[in-house]
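Some notes on the structure that comes next.
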Amino acid sequence: MSFIPEDKVSDILNTADIVDIVSEAVLLKKAGKNHIGLCPFHSEKTPSFTVSPDKQMFYCFGCGAGGNVFSFLMKHEGVTFPEAARILARRYGIDIPTNTMSAAQKKKITERERILSVNRLAMAYFQDTLDRAASGQRGRDYFKKRGIANEIVKSFKLGVVPGGWDNLFNYLSKKGVPHHLAEKSGLVVDNQRGGFYDRFRDRVIFPIFDTGSQVIGFGGRVLDATLPKYLNSPETPVYNKSRSLYGLNLAKQKCREAGSAFIVEGYMDLLSLWQHGIKNVVATLGTALSSGHVRILKGYAPKVMLVYDSDEAGLRAARRSIEVFDEGYVDARILVLPSGHDPDSYLLEFGSEAFLHLAKGALGAIDFLIESSLKEHGLSIEGKVRVISDMQVHLAAINDNVARSLYIKSLAEKIGVDDTAILDKVREAVADNHVRKSRKGSMPAVSAGEDHHPERGLTKTVETRFGKIERQIIAMMLQFPKMLPNVMENNLLDFFADDDLRFIGRLIIDHQTPPLRSVSDLVSKVDNPEMAKLIASLAIGDDVWGYDGCLNLIDQFMARNRVNENTLLQKIKAAEANNDHGLVVQLLKEKQLQVQKKINKKIESVGGESL
Ligand SMILES: [Zn+2]
């Protein structure tokens with residue numbers, strides 16, 4: 001991280017607000033002095049993801065992810081520290097000079113930015129062609145025929161590329177874009193004969209943006225009968241399909257306001273909804289909805305409505321979505337349009353009010369599957385048996401016990417069967433699931449002999465007990481810095497058994513900056529994300545610190561430390577009495593190590609070199 005100048009890092013930390021940045025991606029609710037939400041890094045149903053505006057830190061009590069605003073961006077966007085710094089700098093108008101970087105460093109961080117700038121060039125070319133070029137006439141005709149208003153063409157920065165193999169390639173070359181970079185952006189393809197050709201030819205172009213409205217990729221739709229009808233950019237260092245949702249950059253505010261999002265399958269469906277005033281809508285990009293998508297979406301809307309134009313597509317999605325949504329905990333409903341309609345034709349014929357009315361009656365995934373199965377098999381005895389066997393697996397896949405039993409009840413009522421009969425079937429399927437799961441992930445059995453190792457057992461307990469109190473002391477240092485002088489006076493850190501905790505303690509003492517943003521600053525001093533997590537976990541807590549309690553904690557720690565030392569001495573004595581020479585030698589070595597550690601600490605603390 002060294003090549004972002006330190007003063008710039010602290011400029012960013014002083015200006016950026018972690019609540020703002022996290023809110024872009026996570027729906028946060030105020031809870032006391034913190035904000036909480038559903039963690040974007042693991043699946044959970046009750047929020048354990050905590051953001052502290054005072055400390056400018058986040059921490060998840062569920063998965064242990066944590067850190068400052070840099071750590072959040074790095075983890076959430078999958079970027080390096082310098083990239084995160086640049087994203088924040090750009091956002092807050094802080095200028096970061098590049099001349100202090102080595103060539104290799106420059107290359108690494110700028111690759112992403114260079115691809116983004118190639119994308120911007122290409123987008124301008126596509127837009128310009130649509131706007132005024134003679135060769136853009138087919139594109140203009142297409143959007144006109146589909147009834148897409150000019151204002152929407154502008155908002156979504158739509159474009160067109162004429163037929164021909166190298167229109168864009170030549171344009172980029174003229175603009176000085178190196179060939180290998182153009183290829184990396186996914187816009188041109190190596191023809192294996194020393195040349196390149198355009199990936200997108202004779203298509204209308206839909207630029208794909210990230211939530212920060214940077215253009216990360218493109219989609220293209222044919223203007224004639226060529227296949228494939230739709231073509232997207234390949235994955236690049238800036239474009240990841242399973243994390244990107246088309247239209248989210250423009251829809252995110254609307255999704256928050258509405259508390260829900262429509263998910264459609266393609267660009268044109270999305271534009272149709274938009275055209276009819278329904279703007280809380282996103283589209284998946286030629287991939288099935290992934291749990292990555294759900295995690296992103298749940299930051300904007302607790303409810304989603306999947307829109308399909310056929311029963312089959314709806315069924316497929318409903319089956320898939322039970323798992324995807326159960327994991328991400330979003331209320332998902334399936335809206336299948338009347339047969340023969342896609343969103344565009346439906347809206348044209350019936351208007352947005354009818355569409356929204358239809359959406360209101362849309363069923364949740366399980367109810368949708370039940371209804372579909374009933375429609376298929378009917379209510380004859382045989383039909384009922386089929387319905388139950390259809391639903392057995394899906395009901396078993398629901399993790400929430402309460403939800404599961406409610407669905408069982410509702411199915412039982414619908415088909416007039418006793419719910420215990422269905423419950424039995426579901427139990428069978430659940431047991432089946434468990435057997436499969438435990439076979440897959442079972443751990444090798446531990447032999448009984450290994451467990452009966454009193455020495456090891458004892459040290460382990462002492463260590464963890466120590467670990468706990470050491471954690472408390474570091475938490476106290478972070479949350480109640482008034483105690484720092486006492487910690488230093490008593491040289492508490494010298495007695496720490498846990499190297500990581502001792503390291504953090506020293507860091508705190510070395511950087512006794514004003515307390516407000518200090519914790520977040522501290523995180524920027526460590527390279528290791530594990531260390532950042534540890535600091536976050538200790539800094540964010542509900543502990544209430546009082547002076548007396550702290551003194552008590554320090555006393556306890558010192559007393560335990562003496563006990564530990566004595567325990568070792570006692571063990572040595574006992575081993576000597578038992579004539580267990582092997583053990584004596586081992587314990588003496590341990591003792592020697594302890595002494596050596598202490599000597600080293602003393603030497604370090606007077607500024608000398610350790611032995
Ligand atoms: Zn988490």
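The values are calculated or read from the model by the stated rules, or taken from the named source; none is laboratory data. Every value quoted in this text rests on a predicted model; they were computed, and no experiment measured them. Cβ atoms come from the backbone with ideal geometry, glycine included; neighbour counts cover every protein chain shown.
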(message) Among the residues of the range 290-313, what is the count of those that are assigned to a loop (DSSP other than H, G, I, E, B) and under 15 Å from the mean Cα position of the chain (by Cα)?
(response) 4
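Residue-wise test of (1) touching a residue at least 12 places away in the same chain (Cβ under 8 Å); (2) of a type outside the set (V, I, T); (3) more than 16 Å from R560 (Cα to Cα).
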| position | (1), (2), (3) |
| --- | --- |
| R471 | yes, yes, no |
| L478 | yes, yes, yes |
| P481 | yes, yes, yes |
| P485 | no, yes, yes |
| M488 | yes, yes, yes |
| N491 | yes, yes, no |
| F495 | yes, yes, no |
| L501 | yes, yes, yes |
| L507 | yes, yes, yes |
(message) Taking the criterion of being surrounded by 20 or more Cβ atoms within 10 Å (Cβ to Cβ) and in contact with a strand residue (DSSP E or B) (Cβ under 6 Å, 6 or more places away or on another chain), would at least one residue in the range 319-329 satisfy it?
(response) yes
(request) Scan the range 372-410 residue by residue and report those that are closer than 17 Å to I334 by Cβ and either of a type outside the set (D, E, K, R) or in the same structural domain as I334 (by TED's automatic domain parsing) (or both). (result) S372, S373, L374, M391, H394, L395, A397, I398, A403, Y407, S410
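Any residue in the range 349-356 that is within 18 Å of R319 (Cβ to Cβ) and free of Cβ contacts under 8 Å to residues at least 40 places away in the same chain? Can you show your working first?
Quick first cut of the range 349-356, residues within 18 Å of R319 (Cβ to Cβ) only: none.
Checked against the condition, which is being within 18 Å of R319 (Cβ to Cβ) and free of Cβ contacts under 8 Å to residues at least 40 places away in the same chain, the range 349-356 yields no hits at all.
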(request) Give the residues of the range 177-208 that are out of contact with any Lys or Arg (no Cβ under 8 Å at 6 or more places or on another chain), modelled with pLDDT of 95 or more and among the small types (G, A, S), sorted by residue number. (result) A182, S185
(request) Give the residue, chosen from L158, L172, that is at pLDDT 95 or above and in contact with a His (Cβ under 9 Å, 6 or more places away or on another chain). (result) L172
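When residues of the range 74-92 are filtered for being in a helix (DSSP H, G or I) and more than 16 Å from the ligand (Cβ to nearest atom), how many remain? Full working, then the answer.
Applying the first criterion (in a helix (DSSP H, G or I)) to the range 74-92 yields 74-77, 81-92.
This time we only want the ones that are more than 16 Å from the ligand (Cβ to nearest atom), so: 77, 81-92.
The total comes to 13.
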(request) Using the structure shown, decide if V79 is out of contact with any strand residue (DSSP E or B) (no Cβ under 6 Å at 6 or more places or on another chain), buried (at least 19 other Cβ atoms within 10 Å of the Cβ) and modelled with pLDDT of 95 or more. (result) no
(request) Can you tell me which residue among C39, C63 is surrounded by 18 or more Cβ atoms within 10 Å (Cβ to Cβ) and within 16 Å of the ligand (Cβ to nearest atom)? (result) C39
(request) Kindly provide the set of residues from the range 381-412 that are surrounded by fewer than 15 Cβ atoms within 10 Å (Cβ to Cβ) and among the basic types (K, R), ordered by number. (result) K409
(message) For the range 412-421, give me each residue that is of a type in the set (A, V, I, L, M, F, W, C) and over 14 Å from G383 (Cα atoms).
(response) A421
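Suppose we keep only residues that are in a loop (DSSP other than H, G, I, E, B) and away from the ligand (no atom under 11 Å from the Cβ) within the range 42-54. Which one would you say is surrounded by the fewest Cβ atoms within 10 Å (Cβ to Cβ)? Spell out the reasoning first.
First pass over the range 42-54, keeping only residues in a loop (DSSP other than H, G, I, E, B): 42-48, 53-54.
Right, trim to away from the ligand (no atom under 11 Å from the Cβ) and you get 45-46, 53-54.
Details: K45: 12, T46: 8, P53: 14, D54: 15.
The qualifying residue surrounded by the fewest Cβ atoms within 10 Å (Cβ to Cβ) is T46.
Would you kindly identify the helices (runs of 4 or more DSSP H) lying entirely within the range 413-524 that contain at least 2 residues that are within 30 Å of I370 (Cβ to Cβ) and modelled with pLDDT under 85?
Of the helices (runs of 4 or more DSSP H) lying wholly inside the range 413-524, those with at least 2 residues that are within 30 Å of I370 (Cβ to Cβ) and modelled with pLDDT under 85 span 419-441.
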(message) Need pairs with beta-carbon distance below 6 Å; first residue in a loop (DSSP other than H, G, I, E, B) and within the range 55-71, second small (G, A, S) and within 13 Å of the ligand (Cβ to nearest atom); sequence gap 6+ or separate chains.
(response) F61/S48; G62/S48
(message) Which pairs turn up if I take residues in the range 267-285 that are in the same structural domain as A354 (by TED's automatic domain parsing) and at pLDDT below 95 and look for partners that are basic (K, R) and assigned to a loop (DSSP other than H, G, I, E, B) with beta carbon separation below 7 Å, at least 6 apart in sequence or on another chain?
(response) M268/R146
(request) Go through (1) surrounded by 16 or more Cβ atoms within 10 Å (Cβ to Cβ); (2) within 14 Å of the ligand (Cβ to nearest atom) and name the single condition V19 misses. (result) (2)
